[in-house]
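The values are calculated or read from the model by the stated rules, or taken from the named source; none is laboratory data. It should be emphasised that the depicted structure is a prediction, and the values quoted were computed from it without experimental measurement. A quick note on method: Cβ atoms are made from the backbone with ideal geometry, for glycine too, and the neighbour counts reach across all protein chains shown.
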Amino acid sequence: MTALKGARINSFLSTPERAARLVLVYGPDAGLVAERAGLLLRAYAADPEDPFSVSRLDEGDISADPARLADEARAMVPGPGRRVVTISNGGAATGSALEHLIDDTAGDPVVLVSAGDLRPSSKLRKLAENSARSFALPCYLDEAGALDRMIDEELARCELSIAADARAHLRGLLGADRGQSRQEVGKLCLYALGAGTITVDDVEQACGDVADMTLEQVCDGALEGRTTDLERSFARAIAQGVHPVRLLGALSRQISLLLTLAAGLAAGRSLSDSIRSLRPPLHFKRRDHIMAQLPLWPMARLERLGRDVYDREAACRNPAIPAEAQARQTFLSIALSARNAAGRNARPGA
């Protein structure tokens, strides 16, 4: 088996296997797929821009002409180095074409395939995981360790360091897509250039707007029953690469905040006192939204909702689950429930 995981992926990227005939880079993190595919191309090709040694195809090219992959792989390289064929958006046609090429002994080409989130039953994925000279590198949602390495790489380029609390805050804003995450860290480094050490305030100023749009607007739309606003903000977040798990995590945190305030009210504290006691403090821009949501969600309903969202968030971490569809259904269901509650509250005597 040649399905690489964890530290083996980093080791392979540092020193790619020279005998490889096929390397598949796939997964839902499109930015990480592109980054790793680029590293491999630079490692295998003597000159990545040389059209005589590097051929670039995509799934559509192979669907239209299945024999083209073999022709490109067997083409002679006029100078030093190996023949490299890159394939983007790999799928069923690529899998079928490679099936007949993987054991071909003609020449010494290497085929680098980039693909989306392939199922375990995918012919392309099975081929890469089970053939002796092939390797599969999955690219899933960035974990804390991988994020920290990327953050450190970008900071080192700009001779910057980052405070521990600022790193924790930054990490919470990243992780949906490696490419977008790297852009955000680059933007932060540019903002703090020459400062020496990045602070929480720097992170808020450079990156806070991303969190506001992708997390708070979606959660507010659901918890306040504004279905049209929810649909719009959810679609915008997904289009910008925000992973559904991250949206559900933000929703869990907002429900916990509402539960804290509801518990204070149940204990006889005023809403103002409960809000003032929050740590970290509630931003003044959030106050109106929180006050609009509390009457729609009594404490018992919030407790049930918190458990349901936590379970859905955990389920959506499974690559086999259609996370976007599951998250959208969860947010819409909450919005409809909140809208019904608002209607009941508006009726006299309700």
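A compact table of results
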item	result
For Asp311: the one exception among (1) at pLDDT below 85; (2) loosely packed, with under 14 Cβ neighbours inside 10 Å; (3) over 17 Å from Gly221 (Cβ atoms)	(1)
Residue match in the range 226-233 (condition: within 30 Å of Asn318 (Cβ to Cβ) and crowded, with 20+ Cβ neighbours inside 10 Å)	yes
Output for the range 1-29, where each listed residue is within 17 Å of Ile102 (Cβ to Cβ) and aromatic (Phe, Trp, Tyr)	Tyr26
Condition check for Asp29: closer than 23 Å to Leu118 by Cα and charged (D, E, K, R)	yes
Lone unmet requirement of (1) among the polar types (S, T, N, Q); (2) surrounded by 13 or more Cβ atoms within 10 Å (Cβ to Cβ); (3) within 28 Å of the chain's Cα centre (by Cα) for Gln293	(3)
Residue in the range 320-327 that is touching a residue at least 40 places away in the same chain (Cβ under 8 Å), closer than 21 Å to Pro28 by Cα, surrounded by 20 or more Cβ atoms within 10 Å (Cβ to Cβ) and not small (Gly, Ala, Ser) present	no
Single match in Arg56, Arg68, Arg74 (criterion: of a type in the set (D, E, K, R), under 20 Å from Ala19 (Cβ atoms) and modelled with pLDDT of 85 or more)	Arg74
